[in-house]
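Have a look at the structure below, then the notes.
The values are calculated or read from the model by the stated rules, or taken from the named source; none is laboratory data. Remember, it's a predicted structure, so these values are computed and weren't measured experimentally. We place every Cβ from the backbone using ideal geometry, glycine too, and count neighbours over all the protein chains shown. Just the protein is used for accessible areas: all its heavy atoms, side chains included, with ligands, DNA and RNA removed. Shrake-Rupley method; radii C 1.70, N 1.55, O 1.52, S 1.80 Å.
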Amino acid sequence: MDVVVGMKEERAGRLEGRTAIVTGSTYGIGEAIAKILAGEGAISIVTGRSEDEGGRVVEEIRSGGGAAEYYSLDVTSEKRVEEVARAVYEGYGRIDILVNNAGIGGPSKPTHEYTRREWERVFDVNVTGAFLCTKHVIPYMKRGGGGNIVYISSIYGIVGSQDNPAYHATKAANRIMAKTGALIYAKDNIRVNSVHPGFIWTPMVEEFLIEQSKELGVPLEDLKRELGARHPIGHLGEPEDIGYGVLYLVSDEAKFVTGSELIIDGGYTSR
Ligand code: NAP
């Protein structure tokens with residue numbers, strides 16, 4: 001084996017030249033995924049509704065030497081999903097990776113208190129949005145000879161809890177969408193997997209705890225500690241913990257991995 005002393009060995013990134021659309025990558029878990037994929041040579045297509053945040057993520061990737069571009073995208077708009085997929089394909093000649101990450105929490109209350117409108121809104125973003133992105137990206141992946149799709153589900157796509165029935169139902173749907181996709185598109189060399197994060201410190205979880213803190217009159221820091229303690233590992237996860245899992249799934253190291261569910265939860269679902 002050659003040993004290079006005092007010099008960092010130059011190597012091609014694990015995703016060199018591949019184009020990766022990450023939905024909901026203007027902040028939170030999606031931002032970390034877009035940055036980690038770009039760090040391995042992918043062109044990260046940063047998407048979401050907040051232009052300022054999208055621009056910031058792109059700037060940060062570029063200033064670190066990576067490649068990225070921002071497209072404004074609400075995943076519930078089929079017209080816009082179609083436009084973005086076409087623009088990315090025309091601009092880069094291929095779409096290799098889609099990470100269906102965009103998601104919302106929805107109200108935390110029992111099923112019988114949900115309005116139909118509230119229920120449908122969570123499904124619109126978390127399920128229909130992921131469906132639309134998959135639908136419009138698949139033809140381009142087929143043209144390119146293959147691809148990778150990852151659904152960001154949740155521990156609540158695997159186990160239940162009493163707080164958020166619509167969200168949990170959507171995350172269970174994401175899990176099976178990945179498995180059916182894996183079966184349908186295996187012949188097209190497209191792998192499809194799901195990732196199941198435990199609680200990760202992002203704006204979504206922060207907002208949820210701020211709400212709880214007001215409702216219960218308990219300091220935010222105490223709630224954060226209690227939530228962390230629900231994970232056997234003793235604390236909350238970080239967005240990068242999920243980003244590295246996605247990196248593995250979309251890289252060639254995972255060439256035999258499809259229809260699988262990667263749980264990244266500090267042991268939460270091991271009980
Ligand atoms: P977050 O901090 O709220 O970020 C959500 C992202 O989704 C943002 O970039 C947001 O961008 C985007 N988004 C929301 N609605 C959208 C829409 N209609 N169209 C396009 N983009 C939209 O949430 P997060 O915690 O990072 O969660 C990301 C994913 O991980 C979600 O699917 C969530 O269910 C899942 N997850 C999170 C946790 C956790 O503990 N954080 C645990 C398990 C699973 P814009 O506002 O710019 O549109």
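For the structure I just gave you, tell me whether residue 119 is near the ligand (Cβ under 8 Å from one of its atoms) and either closer than 22 Å to residue 239 by Cα or at pLDDT 95 or above (or both). Don't jump to the end; show me each part of the working.
Working: near the ligand (Cβ under 8 Å from one of its atoms): no; either closer than 22 Å to residue 239 by Cα or at pLDDT 95 or above (or both): yes.
Judged against the criteria, residue 119 is not a match.
Among the residues in the stretch 180-193, are any part of a helix (DSSP H, G or I), open to solvent by less than 30 Å² (accessible area, probe 1.4 Å) and either more than 10 Å from the ligand (Cβ to nearest atom) or touching a residue at least 40 places away in the same chain (Cβ under 8 Å) (or both)? Walk me through it before giving the result.
So the first thing to find is which residues in the stretch 180-193 are part of a helix (DSSP H, G or I), and the list is 180-188.
Add one more test, that the residue is open to solvent by less than 30 Å² (accessible area, probe 1.4 Å), and what stays is 181-182.
Retained after the next criterion (residues that are either more than 10 Å from the ligand (Cβ to nearest atom) or touching a residue at least 40 places away in the same chain (Cβ under 8 Å) (or both)): 181-182.
The answer is yes, given that some residue of the stretch 180-193 is part of a helix (DSSP H, G or I), open to solvent by less than 30 Å² (accessible area, probe 1.4 Å) and either more than 10 Å from the ligand (Cβ to nearest atom) or touching a residue at least 40 places away in the same chain (Cβ under 8 Å) (or both).
Looking at (1) over 24 Å from residue 184 (Cα atoms); (2) open to solvent by 20 Å² or more (accessible area, probe 1.4 Å); (3) hydroxyl-bearing (Ser, Thr, Tyr), which one does residue 89 not meet, given that it meets all the others?
(1)
Being acidic (Asp, Glu), within 13 Å of the ligand (Cβ to nearest atom) and not in a loop (DSSP other than H, G, I, E, B) is true for just one of 90, 31, 82, 60. Which residue is that?
31
Do you know which of the residues in the stretch 147-179 that are open to solvent by 10 Å² or more (accessible area, probe 1.4 Å), assigned to a loop (DSSP other than H, G, I, E, B) and in contact (Cβ under 8 Å) with a residue 12 or more places away in the chain is nearest to residue 99 (Cα to Cα)?
Per the criteria, the residue is 158.
Collect the residues in the stretch 97-108 that are more than 10 Å from the ligand (Cβ to nearest atom) and surrounded by 23 or more Cβ atoms within 10 Å (Cβ to Cβ), keeping them in residue-number order.
97, 98
Residue 111 is checked against (1) within 10 Å of the ligand (Cβ to nearest atom); (2) loosely packed, with under 14 Cβ neighbours inside 10 Å; (3) touching a residue at least 40 places away in the same chain (Cβ under 8 Å) and fails just one. What number does that condition carry?
In the conditions (1) within 10 Å of the ligand (Cβ to nearest atom); (2) loosely packed, with under 14 Cβ neighbours inside 10 Å; (3) touching a residue at least 40 places away in the same chain (Cβ under 8 Å), residue 111 misses (1) alone.
Quick one: how many residues across the stretch 221-261 are open to solvent by less than 50 Å² (accessible area, probe 1.4 Å) and either more than 12 Å from the ligand (Cβ to nearest atom) or outside any helix (DSSP H, G or I) (or both)?
Number satisfying all stated conditions: 13.
Hey, can you tell me all the residues within the stretch 29-60 that are farther than 18 Å from residue 149 by Cα and buried (at least 24 other Cβ atoms within 10 Å of the Cβ)?
Our first condition is that a residue be farther than 18 Å from residue 149 by Cα; within the stretch 29-60, this holds for 39, 49-60.
Of everything in the stretch 29-60, those that are farther than 18 Å from residue 149 by Cα and buried (at least 24 other Cβ atoms within 10 Å of the Cβ) turn out to be 54, 57.
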